[in-house]
Amino acid sequence: MADRIYYTDAYATEFDATVTRAERSGDRTVVRLDRTAFYPTSGGQPFDVGTLGGARVTDVLDADDGDVLHVVDGELSDGMRVAGRVDWTRRFDHMQQHTGQHVLSAAFDRLFGVRTESFHMGHQSSTIDLARAVSAAEVAKAEDDANRIVWEDRPVAIKFATAEEA
């Protein structure tokens, strides 16, 4: 299973890795690595793109066995050492949107007891699906509260919570 670099360093955009398995799937190659900085589609956040050893990364998925699958346009083979490069512009946009969603969802929960049921991030817009309809006044108040948190420039950290903590 790959060491997921993005969990400990979300700013990592370049890394070296070894291909642990490469398989053909139609006209593309699906690659597993011993370590990766490529974020797979997860939690409403789209996958990273970039390159692996010169091959273009077109999709990144979580495998059923907990590993990370990198879909590439190019030929890579088992045992190859590859340099990975994540498209920073896309990654940073996703990081900002994802963090903003957590801040806004927390505002809705804290102010009105309204939980977020799902989140969808897109290139042009993102949406938060709440457990109930909210009024325009509630939206404005939650937006003001979220903006206050952002302007306080609070540090952001990744935390892995147990089921009890969650």
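The values are calculated or read from the model by the stated rules, or taken from the named source; none is laboratory data. No experiment lies behind these values; they were computed from the predicted model shown. Positions of Cβ are generated from backbone atoms using ideal geometry, with glycine treated the same way; all protein chains shown enter the neighbour counts. Side chains are part of the model used for accessible areas, which takes the heavy atoms of the whole protein and leaves out ligands, DNA and RNA. Shrake-Rupley method; radii C 1.70, N 1.55, O 1.52, S 1.80 Å.
Here are a few things to note about the model shown:
- Accessible-area rank, largest first, for V134, V19: V134, V19, with all protein chains present and a 1.4 angstrom probe.
- For the chain, the longest principal axis of the C-alpha atoms and the axis of helix 88-112 are separated by about 30°.
- Cα centroids of segment 12-56 and segment 94-151: 30 Å apart.
- Calculated accessible area for segment 11-51 comes out at 45 Å² per residue, all protein chains present (probe 1.4 Å; ligands, DNA, RNA ignored).
- Radius of gyration and Dmax over the Cα atoms of segment 105-166, both given in Å: 13.3, 36
- Angle of helix 136-151 to the longest C-alpha principal axis of the chain, folded into 0 to 90 degrees and rounded to 10: 60°.
- CD proxy at 222 nm, helix term only [per DSSP H run n ≥ 4: -39500 (n - 2.57); per residue of the chain; nearest 500]: -8500 deg cm²/dmol
- In the elastic network of the chain, a GNM with C-alpha springs shorter than 10 Å, the most mobile of D34, D109, D87 is D109.
- Cβ-defined net charge surrounding M1, 14 Å radius [Lys, Arg +1; Asp, Glu -1]: -2
- Taking a point 7 Å from the Cα of R56 along the Cα-to-Cβ direction, the residues of segment 91-116 with backbone N closer than 20 Å to it are 91-92.
- Under a 5 Å amide H cut-off, with hydrogens placed 1.01 Å from N, T58 pairs with V71, V72, D73 among residues at least 5 apart or on other chains.
- Temperature 37 °C, viscosity 0.692 mPa s: under these conditions the Stokes-Einstein estimate for segment 1-93, based on its Kirkwood radius over C-alpha pairs, is 256 µm² per second.
- Solvent-accessible area of segment 12-51 (1.4 angstrom probe, protein heavy atoms only): carbon and sulfur portion equals 42 percent.
- Segment 76-137, relative contact order [Cα under 8 Å, separation at least 6], %: 22
- Qualifying GluC sites (Glu not before Pro) in segment 12-78, where qualification requires a DSSP coil assignment and no more than 14 other C-beta atoms within 10 Å, comprise E75.
- Rounded to the nearest 20 debye, dipole of the chain from Cβ charges on Lys, Arg, Asp, Glu: 180
- For segment 58-166, the relative contact order comes to 16 percent (Cα pairs under 8 Å, sequence separation of at least 6).
- In segment 65-166, the portion of solvent-accessible area held by carbon and sulfur atoms comes to 54 percent [1.4 Å probe, whole percent, DNA, RNA and ligands not counted].
- Summed over the residues of segment 98-160 and divided among them, the accessible surface reaches 71 Å² per residue at a probe radius of 1.4 Å.
- Tensor-based shape of segment 27-155 (alpha-carbon gyration tensor, a/c under 1.5 rounded, otherwise prolate or oblate): prolate
- Highest-MSF residue in the chain out of A37, A133, A106 [GNM, Cα springs under 10 Å]: A133
- With at most 12 other Cβ atoms within 10 Å, longest stretch of the chain clear of loop chymotrypsin sites (Phe, Trp or Tyr not before Pro) (DSSP): 12-159
- Taking all protein chains together and a 1.4 Å probe, the residues I128, I149 rank I128, I149 from largest to smallest accessible area.
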